[in-house]
Amino acid sequence: MQRTVTTSEGPDTVPSPGHEWTVLFFITEPGIGERVPELGGCTTGLCSARDAAARFARAKARVLGVSAHAPGHLAEFATGRELGYPLIGDEDLSLGRELGVPEVRAEGRALFERAGVVLDRTGAVRSLVHPIPDPGQHAELVLAELDRLASAT
């Protein structure tokens, strides 16, 4: 699978051709925890990936966030949190569905559950990290999966 996606920084390719791994951090929706507390933690999860940027780089992984939102809305969020990586706007949930990411219904619409997807260079799903019970551990769980995958090759 290779596809062009619309991100908070413009068009991009998934998987990233310049990296061994592409890691997609799926979140429900930035800021939803203020309205639906049980779905909170999106900012925490995305910031955990930001804070582990050097570790993802050492693992030869490109990080992208994904939300069922319009890319324009996500650009402001990404800039305000200084994420350092783009967010994909998957408004129709097609990318997440193609990759098998679980969904949740909230406020009358379908959103992604918090998950991590690791793609190899060909775009094959090598791991679906789910559930993510603690948003603060989102990056750690994905990094552990990258370590496992690297040691298996």
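With respect to (1) in a loop (DSSP other than H, G, I, E, B); (2) in contact (Cβ under 8 Å) with a residue 40 or more places away in the chain; (3) under 27 Å from GLY10 (Cβ atoms); (4) within 13 Å of the chain's Cα centre (by Cα), the lone exception for THR122 is condition (4). One residue stands out among those in segment 28-75 that are more than 25 Å from THR4 (Cα to Cα) and touching a Pro at 6+ places or on another chain (Cβ under 6 Å): the one that is modelled with the lowest pLDDT, which is GLY41. Residue under question is ALA110, and the condition is that it be closer than 30 Å to ALA152 by Cβ and touching a strand residue (DSSP E or B) at 6+ places or on another chain (Cβ under 6 Å); does it hold? Here the answer is no, as ALA110 does not meet what is asked. One residue stands out in segment 36-77 among those that are assigned to a loop (DSSP other than H, G, I, E, B) and not basic (Lys, Arg): the one that is nearest to PRO11 (Cα to Cα), namely ALA70.
Looking only at residues in segment 1-19 that are assigned to a loop (DSSP other than H, G, I, E, B) and under 24 Å from PRO131 (Cα atoms), the one that is least open to solvent (accessible area, probe 1.4 Å) is PRO15. Put simply, of GLU91, GLU103 the only residue that is free of Cβ contacts under 8 Å to residues at least 12 places away in the same chain, touching a helix residue (DSSP H, G or I) at 6+ places or on another chain (Cβ under 9 Å) and at negative phi is GLU103. VAL117 meets all of the listed conditions (1) under 13 Å from the mean Cα position of the chain (by Cα); (2) at pLDDT below 95 but one, namely (2). In segment 133-149, how many residues are at pLDDT below 95 and either open to solvent by 40 Å² or more (accessible area, probe 1.4 Å) or out of contact with any Cys (no Cβ under 8 Å at 6 or more places or on another chain) (or both)? Going through segment 133-149 one residue at a time, the tally reaches 3. Scanning segment 125-153 for residues that are part of a helix (DSSP H, G or I) and hydrophobic (A, V, I, L, M, F, W, C) yields a total of 9.
Residues in segment 54-63 include at least one that is under 12 Å from ILE88 (Cβ atoms), open to solvent by less than 20 Å² (accessible area, probe 1.4 Å) and not basic (Lys, Arg).
Checking each residue in segment 78-105 for being in a helix (DSSP H, G or I), in contact with a Ser or Thr (Cβ under 9 Å, 6 or more places away or on another chain) and surrounded by 13 or more Cβ atoms within 10 Å (Cβ to Cβ) picks out only ALA78.
The values are calculated or read from the model by the stated rules, or taken from the named source; none is laboratory data. As the structure is a computational prediction, the values presented were derived from the model and not from experiment. Note that we place each Cβ from the backbone using ideal geometry, even for glycine, and neighbour counts take in every protein chain shown. Note: accessible area is taken over every heavy atom of the protein model, side chains too, but ligands, DNA and RNA are not part of it. Shrake-Rupley method; radii C 1.70, N 1.55, O 1.52, S 1.80 Å.
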